[in-house]
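Participant: One structure, pasted below without further comment.
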Amino acid sequence: MRIGDIEILPVLDGTGVEVAAEILSRPGVEDPWSCHLEHVEADGTLRLPLGGFCVRTGDRVVLVDAGVGAFDDGKYVGGGLLDSLAGYGIAAGDVTDVVFTHLHFDHIGWATHEGEVVFPRAAYRAHRADWEFFVAGENAQPSAVDKLSPLGPRLELFDADFTVAPGVDALHVPGHTPGSTVYVVSSAGRRAILLGDVAHSVVQLSERDWRVIWDVDPEAASAVRNRFADEVADTDDVLVAAHFPQMRFGRVVTVGGPRRFIAV
Ligand SMILES: [Zn+2]
């Protein structure tokens with residue numbers, strides 16, 4: 001995807017498989033997936049791409065999220081992120097910045113590998129609220145502690161919105177997790193919004209009230225999701241999330257019908 005002078009490349013690491021009805025539901029509706037069968041496999045599972053997005057702006061190479069890593073638990077399988085980058089001619093040493101939308105295990109996998117920093121030249125940044133929730137707090141998750149602790153002081157924590165690189169802005173949108181952050185890429189009057197896990201399925205952009213089981217604050221997460229979907233509706237701005245099918249960008253359209261996501 002090209003936004004003005006900036007290029008955004010989907011970087012696939014692997015795939016996760018979940019039973020659709022177990023992770024995404026619509027309150028008060030018995031079988032909401034029956035109206036959206038095109039988004040689920042015949043066996044009722046949802047295939048979730050795992051990975052991140054590489055943003056090339058000027059001389060900066062910004063990786064937004066780092067996939068699940070060299071990992072296989074039968075449901076989530078990763079390992080391809082560095083090869084995906086290499087396919088674009090990008091080596092680990094070329095990456096200047098690594099930023100995270102949040103610190104769930106499927107977004108931090110290549111932060112480090114076996115205790116070693118994967119992107120040796122990169123500045124790493126994450127929102128302080130997620131660090132406190134997933135790494136430093138009493139309910140810390142071992143996956144986050146293992147992957148992020150080896151970064152030591154190389155990981156900078158932020159607690160205010162900031163500009164990551166020219167045309168790439170970090171925007172704090174708590175809900176899915178306390179430190180959830182979207183990255184807004186802007187150039188030449190157009191925008192692409194990298195949603196992180198503000199949405200797990202494109203259905204959540206069409207319908208207003210679907211919920212995923214992993215939202216720490218479902219009400220806030222829903223408000224954030226609808227805010228972005230409404231904000232970009234019927235404009236040239238595009239949205240994307242790592243877990244969207246084929247990691248494809250899309251527009252939100254309301255003309256001639258209900259709000260819906262159309263891949264571009
Ligand atoms: Zn995720």
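Participant: Which residue, of Val17, Val29, is surrounded by fewer than 18 Cβ atoms within 10 Å (Cβ to Cβ), assigned to a strand (DSSP E or B) and not aromatic (Phe, Trp, Tyr)?
Facilitator: Answer to the selection: Val17.
Participant: Would you point out which residue out of Val238, Val252 is away from the ligand (no atom under 16 Å from the Cβ), buried (at least 18 other Cβ atoms within 10 Å of the Cβ) and under 21 Å from Trp33 (Cα atoms)?
Facilitator: Val252
Participant: List pairs: first in segment 235-248 and farther than 12 Å from Ile262 by Cβ, second buried (at least 23 other Cβ atoms within 10 Å of the Cβ) and among the aromatic types (Phe, Trp, Tyr), Cβ under 8 Å, 6+ apart or cross-chain?
Facilitator: Once the first residue is farther than 12 Å from Ile262 by Cβ and sits in segment 235-248, its partners that are buried (at least 23 other Cβ atoms within 10 Å of the Cβ) and among the aromatic types (Phe, Trp, Tyr) give Val240/Phe53; Ala242/Phe53; Met247/Phe53.
Participant: Regarding segment 103-110, can at least one residue be identified that is surrounded by 13 or more Cβ atoms within 10 Å (Cβ to Cβ) and away from the ligand (no atom under 16 Å from the Cβ)?
Facilitator: Checked segment 103-110: no residue is surrounded by 13 or more Cβ atoms within 10 Å (Cβ to Cβ) and away from the ligand (no atom under 16 Å from the Cβ).
Participant: Also: Suppose we filter segment 198-248 for residues that are over 16 Å from the mean Cα position of the chain (by Cα), of a type in the set (S, T, N, Q) and part of a loop (DSSP other than H, G, I, E, B); how many remain?
Facilitator: 1
Participant: Here is a follow-up. Please go through segment 218-235 and pick out each residue that is among the charged types (D, E, K, R) and within 16 Å of the ligand (Cβ to nearest atom).
Facilitator: Arg225, the sole residue that qualifies.
Participant: In addition: Take segment 106-124 and flag every residue that is touching a strand residue (DSSP E or B) at 6+ places or on another chain (Cβ under 9 Å) and in contact (Cβ under 8 Å) with a residue 40 or more places away in the chain.
Facilitator: Pass one, segment 106-124, residues touching a strand residue (DSSP E or B) at 6+ places or on another chain (Cβ under 9 Å): 106-111, 117-119, 122-124.
Asp106, His107, Ile108, Gly109, Trp110, Ala111, Val118, Phe119, Ala122, listed by residue number.
Participant: Name the residue, out of Val61, Val68, that is out of contact with any Phe, Trp or Tyr (no Cβ under 9 Å at 6 or more places or on another chain), closer than 30 Å to Val98 by Cβ and modelled with pLDDT of 95 or more.
Facilitator: Every option except Val61 fails the conditions.
Participant: Could we say that Leu9 is among the aliphatic types (A, V, I, L, M), within 16 Å of the ligand (Cβ to nearest atom) and outside any loop (DSSP other than H, G, I, E, B) here?
Facilitator: no
Participant: May I ask you to say which residue of Ala126, Ala144 is assigned to a strand (DSSP E or B) and within 15 Å of the ligand (Cβ to nearest atom)?
Facilitator: Answer to the check: Ala126.
Participant: Could you list, in sequence order, all residues of segment 72-85 that are exposed (fewer than 14 other Cβ atoms within 10 Å of the Cβ) and of a type outside the set (Lys, Arg)?
Facilitator: Step one: list which residues in segment 72-85 are exposed (fewer than 14 other Cβ atoms within 10 Å of the Cβ), which gives 72-75, 83.
Scanning segment 72-85 gives Asp72, Asp73, Gly74, Asp83.
Participant: So how many residues does segment 187-206 have that are among the polar types (S, T, N, Q) and either closer than 27 Å to Trp131 by Cα or crowded, with 24+ Cβ neighbours inside 10 Å (or both)?
Facilitator: Of the residues in that region, 2 qualify.
Participant: For segment 86-102, which residues satisfy the criterion of being in contact (Cβ under 8 Å) with a residue 40 or more places away in the chain and buried (at least 24 other Cβ atoms within 10 Å of the Cβ)?
Facilitator: Within segment 86-102, Val99, Phe100, Thr101, His102 qualify.
The values are calculated or read from the model by the stated rules, or taken from the named source; none is laboratory data. Please read these numbers as outputs of a predicted model, since none were measured by experiment. Ideal geometry is used to build each Cβ from the backbone, glycine not excepted, and the neighbour counts take in all protein chains shown.
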